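Quick note: the coordinates plus some simple rules give every number you see, no bench work behind them. In this text the structure is predicted, and so the values were computed from the model without any measurement. Methodologically, a virtual Cβ is constructed for each residue, glycine included, from the backbone with ideal geometry; neighbour enumeration extends over all protein chains shown.
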Amino acid sequence: MIEMKKSAFIISKPFQYINASNIEDLQTKDCFIIDNFYDAEKFTNLVREYSDNWNDVQIYKDNYKALDYIIKNKNTYSKVYIDSDFGVILSFYLNRLKAIDVYTYEEGYASYNFIRNKNSIKDRIKWLVSDILGLKNWVGGHSKTKGMYLYQPEMFLKKIGTQKGKEIKSFSKPISDHMFSLKEIAILFDKIDFTVFKDKKVLLYMTNYHININVNAELESNYKDCIKVLKPHPQMGIDKDFFELFDYVVENYLPAEILIQRLLTYCNDLTILHEGSFALEYFKEDKKMKAILLSK
């Protein structure tokens, strides 16, 4: 009897989980969550408890540890899905997958832009090494990568261009439909009473890794009649003094995309302070939302 091969999904943040679980794959699927965000172990346990999408759910320190496991068990897998195939060290791991097909899936701006520039000597050396090794300067360009799952393929073709031998594939559902269908994601927001935002003006500040030095002036001079909400970056630490400036502080591991969608459902007006978040791409047509890019 021929043993059926499995698919491996490597996921290093909650929104990647939403995208990865939106890929139609009829094979048995194993989920590899990377301990790269706040409360990753708690999130992993929620997936184990509430999702029936996976045959097995494991947590690993980094992508390389997850790939090590897949390589050691490569006879049981035929596909690997990962957010990025770019990087010298990562390339060596991908090459060891042998007959396993690799697919990348959308990960914000990184999926639609060239990765390295040549602005410094260090950048030029890295670019040259990557070029010698045959690594392309975009996600999905590795020789092992068979295809890319994208929500906006036209953006990729416009910015990167047509890539010979690469499949550009679609996700199973529109992102707005899919992210509300996942119980393991919805339960993350159970403690937030979104009715308090009903018919209100809301200010949402989405931090980068650190607090922007210009945000305090924005908060003091504007938005005094808004309910102020803070969404810290998944890898940002706690700053109690700064957090007290807001009416609500959302857990930093919660996907910003779902938070924005829920707020837009209830509020009259949503202003978002940000430093270049791709999450806004999914809502740019909504007239209730205004995005303000903070200077760095």
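A compact table of results
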item	result
Out-of-range pairs (alpha-carbon distance over 31 Å; input Lys159/Lys183; Lys79/Lys290; Lys224/Lys287)	Lys159/Lys183; Lys79/Lys290
Chymotrypsin sites (Phe, Trp or Tyr not before Pro) lying in DSSP loop within segment 6-108, provided at most 14 other Cβ fall within 10 Å	none
Segment 154-295: mean projected area of Cα convex hull, nm²	10.4 nm²
Top positive-direction residue, dipole computed over segment 1-136 with Cβ charges, set Tyr77, Tyr109, Asn95	Asn95
Residues whose placed amide H lies under 5 Å from that of Val249, excluding near-sequence neighbours	Leu230
Charge dipole magnitude, Cβ of K and R +1, D and E -1 - the chain, Cα centre, debye nearest 20	1200 debye
Partner aspartates and glutamates for Lys6 [C-alpha distance under 17 Å; skip if fewer than 8 residues away on the same chain]	Glu24, Asp25, Asp30, Asp52, Asp56, Asp68, Asp101
Relative contact order of segment 223-296, pairs being alpha-carbon contacts under 8 Å that are 6 or more residues apart, as %	25 percent
Cα-based radius of gyration of segment 2-125 once divided by 2.2 N^0.38 Å, which approximates compact folds	1.12
Segment 1-51: relative contact order as a whole-number percent, Cα under 8 Å and 6+ apart	39 percent
In Hz, Karplus ³J(HN,Hα) per residue of segment 22-32 (6.51, -1.76, 1.60; θ = phi - 60°; x = Gly, Pro)	9, 9, 7, 8, 7, 7, 5, 10, 10, 10, 10
Amide H within-cut-off set for Glu167, under 5 Å, with H built and near neighbours excluded	Gly147, Met148
GNM result for the chain, Cα springs below 10 Å: residue of Ala186, Ala279, Ala217 fluctuating most strongly	Ala217
Whole-Hz couplings from phi, Karplus 6.51/-1.76/1.60, listed for segment 138-145; x for Gly and Pro	8, 6, x, x, 5, 4, 7, 7
Principal semi-axes in Å for segment 132-229 [√(5λ), Cα gyration tensor, largest first]	39, 22, 13
Segment 179-243: proportion of alpha-carbon pairs further apart than 13 angstrom, %	72 percent
Stokes-Einstein diffusion coefficient of segment 117-185, Kirkwood radius over Cα pairs, 20 °C, 1.002 mPa s, in µm²/s	147 µm²/s
HN-Hα J in Hz across segment 86-93 - Karplus 6.51, -1.76, 1.60, θ = phi - 60°, x for Gly and Pro	9, x, 5, 5, 4, 4, 5, 5
Semi-axis lengths, Å, segment 99-148, gyration tensor of Cα atoms, sqrt of 5 times eigenvalues	22, 15, 5
Neighbour cut-off at most 11 other Cβ (10 Å), DSSP loop, trypsin sites (Lys or Arg not before Pro), segment 4-70	Lys61
Mean separation of Cα contacts under 8 Å, 6 or more apart, over the residue count of the chain: relative contact order %	15 percent
Range in the chain, longest, excluding exposed GluC sites (Glu not before Pro) [loop by DSSP; at most 13 other beta-carbon atoms within 10 Å]	25-243
DSSP-assigned coil residues among trypsin sites (Lys or Arg not before Pro) in segment 170-270, each with at most 12 further Cβ atoms within 10 Å	Lys191, Lys198, Lys224
Greater than 20 Å apart at Cα, pairs in Lys65/Lys98; Lys144/Lys166; Lys98/Lys122; Lys5/Lys173	Lys98/Lys122; Lys5/Lys173
Stokes-Einstein translational diffusion, the chain - Kirkwood Rh over all Cα pairs, 1.002 mPa s, 20 °C, in µm²/s	104 µm²/s
